[in-house]
Structure formats: structure tokens, C-alpha cells
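What follows is a single structure, written as C-alpha cells, with notes after it.
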Amino acid sequence: MKRAVLLTVLSAIACDICLGGIDTQVIEKGLESHDRALHIKDGWIRDPYIVLAPDGYYYLTGTTPLPQDERQVSDRYNTGLGPQSIVGYKMQLWPSQDLMHWEYLGTPYSLLDGIWYQAQPERFEQTEQAQWRLWAPELHPIDGRWVIVHTSPSPVPGANLSVTDGAVLQGPFANPLGVAIGRRHDPSLFVDDDGSIWIIWGATQIAPLRPDLSGLAGEATRIGPANRNMGHEGCLIRKIGGKYVLFGTGWSTDKMRRGTYNLYYCTSEKITGPYGPRQFAGRFLGHGTPLQDQEGRWWCTAFFNADVPPLARAELATRDMSDNAYTINGQGVTIVPLDVKVRPDGSIHIRAKDPDYARPGPEEAQSFELTAD
């Protein structure tokens, strides 16, 4: 897939706003050692999504402010929630060849490209633009085109599934599912080995899509861990060792915005289940993207999601995490190495390798039997 070239939309004021220095030497060594968390990009972002495309480039997007919004500097730890959120309505895009140097390609997609602006323009007219929100975009290169999925709480509470007409990530966009995309929270896509395409949403439902993405090819199925709920958002599927791995996100205490925002997983022989028990993947990795780099090593994105500024790692041993929302992730994009193994019995082991992400905290509501492998 060709790398999108959208430099015509750029101006100096629309360039990425950096919030501190990035030490590329530290990142380069950490990428090689694959043993510790790496802060790879500054800037206000939630739900960072990175995909390694067929052209060999990594593409990064996520929940972001509008590019020129100065509050991403003045209100750096804005939670991104509620009426004071600084989240905008445009999707920003950055490609990179090495996970260190990110080129800014502007805002090739926005809510104005989605189905709801076409179907319910009056809602956009009646809602102040400062309250338009584009949440959790994902980029999927499928059959020589880009497919964008995301959710939105305003002006229309709904999702979008939008498709480019070629290999360049730019408009015009088609919306083949139309309003049938509905209000699917945190939609994600998964392409199986046989080429079938599945949409995943909530926590958790899945359904097959028609090959042309014009509708569902079957009924929705509810899936999830055998022993409890997965969480409440950020679910996606990867295939590892021939098994379907469902990842999902929840707060460690099982109470909203209390504790730490964590990533969990469960596995199945079939995409529709049944799935096994919920297992622990990593602390502070909620709504992260598990991805493989160009060498096949696994990483997971991480970001600031808390109600107080990030904690120093030294505080983890003494801080009570049950009374508020906490993280050690700074604002921007962090990637954390994952240990991903297929055990001799065929079961799947997934765990963050950085020690401060590798184990649940004492406030964790679920009890896990963690092995050393």
C-alpha cells in the first residue's frame, strides 16, 4: 500500500505540537533490546492505534484534539472526557519507518466524511462544533484500500466505517455500511485467514461483514471470557498460534475510573467462541494496540488515562490505587514490549515485559495465577 502524501494540507501551525524531548538513542536501544517501555512520541493523544502497513510504514492515529488547539499544551492532562474535553472531530495521521521519527500528514478524515453528517446534518448544525468528538479511530489496510472505523458520542452518538477509493489514505470516502453501522462502541476489524472480515464492538460482540463491507453477513454473536466480563471497551482480535485472541480493557477495581486502566485477553479455537477465562496482559495498557514490528516482535501501545498526573514508578509500591484513576504513562504515545508465546500445550501466553507493567496491582479485583513464562 502506498504511503499517503498529504503535504498540501500542512502549514507550520498545523504541525505536531511537541511537549518535550524524545531521545531517539534511548528508543533505538530499547527497540533493539525489547525489554522496557519506550516513550516514542509526544503530544496529546488517547487510544493510540499503530498499524504496520504492507508498504513497510507504521501508521499512527488516535483520539486527538484539533491540530491548532493550544489546550493540548496548556491543559496537558485533560482527561478527554465530558464537556470540557479537548478531543476534536478530525483524525490526525503520522507515518514512520522506524517507530522513532514521525512525519505529520495532517487530518485526512473527519466526522464530515462519515455517514452521520450525510444522514443527520441537522444534528451537526444544532451542536456547537467544539462539542463534536471523534473517538478511537483505527486504520485497516484491506484489499488495497484503507478502512477507517471509529466511534463518536457527538453530534450523533454512533460509529463510522469509511473506505478510501484507492491505496492512498485520503478522501473521498465511501460509507458502505451506511447507517447500519449504528451505535457500535469502539468498533474494530479483524481479517481472518480465509479473507472473511469481522467487526468487533462493545465488550464484546462480533459479526461477519460482507466482502464489499455493505452489510452484515450474519447475526451478531456475543463473546467474552468464560469466567467474567472482559471489561467495557477497547476490544480487538488477533490470531496467534492458530487461536483467536480477544483483547479488552477494564479498570483494575471493576469500578469506572478507579485503579489502573489495564489490558486483558482470552482465547478460543473459534472466532465465535467459546473463549477461555480472562487473563492478564498488562497494567496501564488499557485500550492499547498489540502489534508486531518489522522483526516480528510484539509491542502494545499505551497512553495517559488518569485523573491525576502520572505517577513516578517509585510510587507504585506505596500508592493506594483504589481511590482514583492512576497511570505511569506520560502524555503521548508509549510502546511496551510484550512476551508472546505459544506454550507446548498450545495455550497462549501474553504478558508485558517491563516489570512495572507486568503484574497487576494489589487493588486488582480479579485474582490471577501468573506463571513465570
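Throughout, read-outs are computed from the coordinates displayed, never taken from laboratory work. These numbers were taken from a predicted model, which means no experiment stands behind them. Positions of Cβ are generated from backbone atoms using ideal geometry, with glycine treated the same way; all protein chains shown enter the neighbour counts.
For this structure, a couple of remarks:
- Mean ellipticity per residue at 222 nm, deg cm²/dmol - from DSSP H runs of n ≥ 4 across the chain, formula -39500 (n - 2.57): -1500 deg cm²/dmol
- For A217, the residues whose modelled amide H falls within less than 5 Å of its own, excluding neighbours fewer than 5 places apart on the same chain, are L209, R210.
- Label point distance in nm, E219-T318, each placed 7 Å from Cα along Cα→Cβ: 5.7
- Using only the C-alpha atoms, the convex hull of region 57-121 corresponds to 113 Å³ per residue.
- Residue exposure proxy: E122, E315, ordered by other Cβ atoms within 10 angstrom of their Cβ from fewest to most, comes out as E122, E315.
- Around L66: net Lys/Arg minus Asp/Glu count, Cβ-Cβ under 12 Å: +1
- Gyration tensor (alpha-carbon) shape descriptor, region 219-324, a/c threshold 1.5: oblate
- FRET efficiency, E103 to R359 (Cβ-Cβ, R0 51 Å, nearest 0.05): 0.90
- A Förster distance of 41 Å, applied to the separation of the beta-carbon atoms of E269 and H34, puts the FRET efficiency at 0.90.
- Distance-filtered residues of region 156-189 - backbone nitrogen under 18 Å, label point 7 angstrom along T127 Cα→Cβ: 156-162, 178-187
- Long-range tail of P(r) for region 29-352 (Cα pairs > 37 Å, %): 11
- Computing FRET efficiency as 1/(1 + (r/R0)^6) for N229 and V168, where r is the C-beta to C-beta distance and R0 is 30 Å, gives about 0.15.
- Contour minus Cα-Cα distance for R71 and Q25 (0.36 nm per residue): 13.6 nm
- When the charge dipole of region 307-347 is built from unit charges on Cβ atoms (+1 for Lys and Arg, -1 for Asp and Glu) and taken about the Cα centre, the candidate among V340, L316, T327 whose Cα reaches farthest toward its positive end is V340.
- Prolate/oblate/rounded label for region 161-209 (Cα gyration tensor, a/c 1.5): oblate
- Extension gain (nm, one decimal) between V51 and V308, 0.36 nm per residue minus Cα-Cα: 89.6 nm
- Charge dipole of the chain about the Cα centre (unit charges at C-beta), most positive-ward option of G106, Q25, G296: G296
- Within the shell of other residues whose beta carbon sits under 14 angstrom from the beta carbon of W198, the net charge comes to +1, with Lys and Arg scored +1 and Asp and Glu -1.
- About the Cα centre, charge dipole magnitude for the chain (Lys/Arg +1, Asp/Glu -1 at Cβ), debye: 580
- Using the empirical formula 2.2 N^0.38 Å as the baseline, the Cα radius of gyration of region 98-145 reaches a ratio of 1.54.
- Estimated distance in nm for a label pair at D345 and L81, the labels positioned 7 Å out from Cα along Cα-to-Cβ: 3.8
- Computed over neighbours whose Cβ is under 12 Å from that of G158, the net charge equals +4, Lys and Arg +1, Asp and Glu -1.
- Under Karplus coefficients 6.51, -1.76 and 1.60, residue-wise ³J(HN,Hα) of region 333-346 in Hz, glycine/proline x: 10, 10, 10, 10, x, 10, 8, 10, 9, 9, 5, x, 7, x
- Cα shape, region 283-327, gyration tensor, a/c 1.5 rule: prolate
- Length released on extending from D194 to Q118, taking residue separation times 0.36 nm less the Cα-Cα span: 24.0 nm
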